[in-house]
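The block underneath contains the structure these notes are about, expressed in structure tokens.
The values are calculated or read from the model by the stated rules, or taken from the named source; none is laboratory data. Fair warning: this is a prediction, and the values are worked out from it, not measured in the lab. Here Cβ is always computed from backbone atoms with ideal geometry, including for glycine, and neighbour counts include all displayed protein chains.
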């Protein structure tokens, strides 16, 4: 599996593929595979990058 999560940096926008209701989130940090994301509808969530591959969002 390609580790696309390793490319995520603070400020990037992402979606959680299994939680579309959370909306778009902004990456806060990415340390040791633990990605902290602040989602519009859910708030701050720490994601285990080994279990979930976040989807980058290209929005203007």
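Take residue 36 and tell me if it is in contact with a strand residue (DSSP E or B) (Cβ under 6 Å, 6 or more places away or on another chain) and either surrounded by 13 or more Cβ atoms within 10 Å (Cβ to Cβ) or assigned to a loop (DSSP other than H, G, I, E, B) (or both). Against the criterion (in contact with a strand residue (DSSP E or B) (Cβ under 6 Å, 6 or more places away or on another chain) and either surrounded by 13 or more Cβ atoms within 10 Å (Cβ to Cβ) or assigned to a loop (DSSP other than H, G, I, E, B) (or both)), residue 36 qualifies.
Taking the conditions (1) surrounded by fewer than 16 Cβ atoms within 10 Å (Cβ to Cβ); (2) more than 16 Å from residue 9 (Cα to Cα); (3) touching a strand residue (DSSP E or B) at 6+ places or on another chain (Cβ under 6 Å) in turn, residue 22 satisfies each one other than (1). Among the residues of the range 34-46, those identified as touching a helix residue (DSSP H, G or I) at 6+ places or on another chain (Cβ under 8 Å) and more than 13 Å from residue 20 (Cα to Cα) are 35, 45.
Residues in the range 12-33 that are modelled with pLDDT of 95 or more, in a loop (DSSP other than H, G, I, E, B) and more than 10 Å from the chain's Cα centre (by Cα): 18, 19, 23. Taking the criterion of being part of a loop (DSSP other than H, G, I, E, B) and without any contact (Cβ under 8 Å) to a residue 24 or more places away in the chain, the residues of the range 39-57 that qualify are 40, 41, 42, 50, 51.
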